[in-house]
Amino acid sequence: MATISIENVRKNFGAVEVIKGVSFEVADGQFSVLVGPSGCGKSTLLRMIAGLECVTEGDIKLDGKRINDVPPHQRGIAMVFQSYALYPHMTVAENIGFSLDLKKVPKAKIRQQVGQVAELLQLSELLDRRPSALSGGQRQRVAIGRAIIKQPRVILFDEPLSNLDASLRVQMRAELQRLHQELKPTIVYVTHDQVEAMTMADTIVVLNQGNVAQWAHPIELYRHPRSTFVATFIGSPRMNLIKGIIVGYDATPTFAAAEGWTVPLAGRVLAATDLQPVWLGIRPEDIRLAGANAEADLSGKVAIVERLGAETYLHVVKGAETLLVRVQGDIALRPGDTVHLALDPAGFHLFDQADQVFPA
Amino acid sequence: MTLRKFTRAEATAYGFLTVTLLFCLLPFFWVFLASVDPNASLFLSVPKGITADHFIKVFTANNGRRWFFNSLVTVGATTALVVVVGGMGGYALSRTTAWWKSPFLYAIILVRVLPPTALIVPLYKFMLFANGLMSAVVRSVVPPDSARSAMQICGFVDGYLGLILVLSAMQLPLALWIIKTYFDLTPKDYEEAALMDGANGFQRMHRILVPLALPGLGAAGLLTFIGAWGDFLMPLTFISSAELQLLPIGLFRAFQRANTIDYGYLSALALLYMLPAVVAFGLARRFLIQTFTGGIKG
Amino acid sequence: MAMTYETRMAWQNRMLLVPALVLLGCFILIPAAAAIYISFTNAALNGFAASHPQFVGLKNYVRLFSDEGFWNSLIVTFYFVFGSSIVGQFVLGLASAIALSRPIAFKPVFNAAILLPNAVPEVVAGFIWISMLGGGKYSTLSRIVGLFGIAPQNWLESVPLLMIIVVNTWRGIAFAMILMTSGLSAVPAEVYEAARMDGATPRQIFWRITLPLLRPTIFLYMLVSTAGTIAIFGLIYTLTRGGPGGATEIIGIYIYNQSFTAYQLGYGSAVAVIVLGVSVAIGAIYARVLKVQV
């Protein structure tokens, strides 16, 4: 249906540069998620794709054609707004059919198409209601219906699940995936929730302060983050970052943590010019509890125990650092207990002073 | 393409607003210019010189000063009376849960809708009657020479008291409504805390409620002032003697003497008359926005 | 303890309301009731009837129906209300509200200019418009239209009704604008964006989205403004005194003239009662609509 290319796009609001040169692509039929903290520019980017904001510099292309100057309703793009933006004075049927009505499509045809969309979204019983008489989830489905009736090549979602409660959110995530599989439009989806991004996306664009931090498949982002930003943003609970230096470059490269413990860095090619100090990143699930023997890399004191039933998170304090450790199931540890930890070298990520991963 | 279309809509907006602005401001040019024009006439003309004489004359020529004084006294007293009575009433209306609350509120709104000219006929009769009574009382209490001045103050017809009461009654409905709305938005918590601290009714009112309610009272007071300051019908109907005339009537009558009208003087007077109302309007808006955000949107 | 407190508070509340009730009762409610009574008498301010008003039943009302002056006044009032309140103020007020809802420079200046006519006292407003309209070829209006080749005239005599409609429109734009602005702000911006994405032109957006969503506000405005405009007196009295020949004798002025100029208190009251009835009906609708919103 449609490929989207964002090429070196910049956006200024007055004197403030909000988008600082962003480039990425969304392939036809892909579910692409723009994710990042508040203020990173993801919504602005989405609105530029929609045509609601103009592009200061750079190109937005749809199927290779530049659409910067094409008005919103001529782009073949539909948008689902964060607050749904349903027309309060129209019924569900009228809301969904509005775009067709504007084009003077005959009423019978509108009714038929609205009926089809309503069935797909399980809204058939609600067609005569006003938005004020609908629940949040129902309103959202009407907003989606309004979008898909236009048979758009691209559907944009602006934080659609942020107004829903937790259980509804899980349900809607599944619904959206189902819709994507059935209708196969190209989707660009904006959220600040990395769980949504990870579970639904084919590719993720991580944005930070107007720049693309990384653009890759979800698991690639998880396994190979290219910066501390991406490393700590993706994955919940977040990755541990430990300060330290690297010693013994030539023979046995070793990571020496600021707190005094060391861990060997076997199997890595590190040029001597790789500067110290560095960050060692390791995810909570790559740390295990070990006995007080040579297997353990360090020991610390348990500060907090978070029991979730299926797993337990330990906050282990070593000097000035706190490490988050994930343990399967439940464990008989209490705050104040001493534990010994072993770090899995396969889960090491090294980041230099500029917070970038290395070796590159 | 998108940029140019936006500018076209903007141009229409600016164009319309400019025309509207001119329409609204045009009539004022005359009064501004004439008030400083030594050769002011009824018609708009560019002054050949600037003078402050007219303004000075407003205060030195006998009538202008008198009119200002009368207006200030009556409208000031009206405002004070309305703020106090309306303050109490508005508070009571807000806090009460009596059965007659709703009908009473409806009635207040209804009253605002009555055309004053429909009321003045019987009101005049009533005032005549009350005046008669008051006259009898005054004459029995006060020595005959000062009876007249006493009646000027307490008379119902052609007296300050009557006019103040009538003006207050006219402004009361709006004031009650504003103050009630304001108290509706103020939680009872403060009063209850004061109660727990041991304050009695009077202390609660004086030290907690009044300071809390100042924006609402301010808005009501300002609107009362504006309404009473501009009221034309009531002074026209109830005041006949020249010494007691208020500004609007003074202005109106002076304007009617066809031959010897000093337009410069009149426009200076009009300007000065206008000023308090405009200033009060600006202040009132600020207070009202504070009071009503939450009120109108329900 | 609780019971005593509650009853004490209820009693206190009642006491607090008494002064307000006294004022309203004495100076508004009783006169209103008395007006109804007087309308059934032949009370007058002079002559025999002044000291001995007699009950004459519906005589005044019957007289109303055949009185040309009364019907004339009703028609004048109707045109006046329709032209200034329902059309003039509303259209200009709505347009101003929409224009000012966009990002525009000098917003406070435009705002202040539109509010000024409403802020000045009635008498001053009438006064400055006399300068605009009276005096034949010297009036400001004559000089302006002279630029377009239209002959100067004594506007207040040639087209008096049109002129008072213009003047009242000028005076009331502010109120319409304030109400419409409040109504507009209740429409979330995203609804407009969704409409743009659905392909609506600005005209379609106005007629199919903005206006329908403004309907309750418009209704409220119409009611309040109509009721208020019927009651106008000072502004028009200053301008024309109701003339020439009753051409601008809106109902408020008609009642005044009948009561105080012709001294026919009874008759004036009858007219007033009719107006009272109409106003109360409008006011009742107004109150109900407000309740629905508040």
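Structure values in brief
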| quantity | calculated |
| --- | --- |
| Averaged over A:74-80, number of beta-carbon atoms from partner chains that fall within 10 Å | 2 |
| Pairwise label distance in nanometres, A:Glu119 with C:Val145, each label 7 Å out on the Cα-Cβ vector | 6.7 |
| Stokes-Einstein translational diffusion, the protein assembly as shown - Kirkwood Rh over all Cα pairs, 1.567 mPa s, 4 °C, in µm²/s | 38 |
| Anisotropy class of region A:108-180 from Cα gyration tensor, a/c 1.5 cut | oblate |
| Distance in nm between pseudo-label sites at B:Tyr190 and A:Val195 (7 Å out along the Cβ direction from Cα) | 4.2 |
| Stretchable slack from A:Gln151 to A:Glu25, in nm (0.36 nm times residue separation minus alpha-carbon distance) | 43.2 nm |
| Under the Karplus curve 6.51 cos²θ - 1.76 cosθ + 1.60, θ = phi - 60°, whole-Hz ³J(HN,Hα) for region C:237-245, x wherever Gly or Pro sits | 4, 4, 6, 10, 6, x, x, x, x |
| Gap separating the Cα centres of region A:280-303 and region A:162-238, nearest whole Å | 30 |
| Diffusion coefficient, µm² s⁻¹, Stokes-Einstein with Kirkwood Rh over alpha-carbon pairs of region A:192-238 at 20 °C and 1.002 mPa s | 205 |
| Environment charge of A:Ile204, counting only residues whose C-beta is closer than 14 Å and scoring Lys/Arg +1, Asp/Glu -1 | -2 |
| Long-range HN-HN contacts of A:Ala290 with modeled amide H, under 5 Å | A:His340, A:Leu341, A:Ala342 |
| Most fluctuating residue given options A:Glu306, A:Glu57, A:Glu321, as computed from a GNM of chain A linking Cα atoms under 10 Å | A:Glu306 |
| Lysines whose Cα lies under 29 Å from that of B:Lys188, excluding same-chain neighbours fewer than 8 positions away | B:Lys101, B:Lys180, B:Lys297, C:Lys291 |
| nm² value of the averaged projected area, convex hull over the Cα atoms of region C:67-263 | 13.5 |
| Shape category assigned to chain B from the gyration tensor of Cα positions, a/c cut at 1.5 | oblate |
| Too-long pairs where the Cα-Cα distance tops 20 Å, listed order kept, from A:Lys20/A:Lys61; A:Lys243/A:Lys301; A:Lys42/A:Lys150; A:Lys42/A:Lys243; A:Lys103/A:Lys184 | A:Lys42/A:Lys150; A:Lys42/A:Lys243; A:Lys103/A:Lys184 |
| Chain A - percent relative contact order, Cα under 8 Å, separation 6 or more | 16 |
| Residue with peak Gaussian network fluctuation, chain C [Cα springs, cutoff 10 Å], from C:Asn257, C:Asn13, C:Asn72 | C:Asn13 |
| Two-site label geometry, A:Arg66 and B:Arg285: point separation in nm, points 7 Å out along Cα→Cβ | 4.6 |
| Global form of region C:163-294, assessed from the alpha-carbon gyration tensor, a/c cut-off 1.5 | prolate |
| Gain on full stretching of the segment that runs from B:Asn63 to B:Val142 - 0.36 nm per residue minus C-alpha separation | 25.6 nm |
| Tail beyond 18 Å, pair distance distribution of region B:1-121 (Cα, percent) | 78 |
| The protein assembly as shown, helix-only ellipticity at 222 nm - DSSP H runs n ≥ 4, -39,500 (n - 2.57), divided by all residues, nearest 500 | -17500 deg cm²/dmol |
| For region A:240-351, with +1 on Lys and Arg beta carbons and -1 on Asp and Glu, the positive-most of A:Gly329, A:Leu314, A:Ala342 along the dipole | A:Leu314 |
| Over region B:67-220, volume per residue of the alpha carbon convex hull, in Å³ | 161 |
| R0 of 41 Å, Cβ-Cβ distance B:Ser149-C:Lys107: FRET efficiency to nearest 0.05 | 0.20 |
| Lys, Arg +1 and Asp, Glu -1 on Cβ, resulting dipole of the protein assembly as shown about Cα centre, debye, nearest 20 | 2600 |
| Hydrodynamic radius of chain A per Kirkwood, over alpha carbon pairs, in Å | 23.2 |
| Cut-off under 5 Å, modelled amide H: who pairs with C:Gly243 long-range | C:Thr248 |
| Stretch gain in nm, segment A:Glu311-A:Ala292, where the contour uses 0.36 nm per residue and the Cα spacing is subtracted | 4.6 nm |
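A short reminder: the numbers here are calculations on the coordinates, not readings from a lab. Computed from a prediction, not measured in an experiment: that's the story for all the values here. Virtual Cβ from ideal backbone geometry, glycine too; neighbours counted across all protein chains shown.
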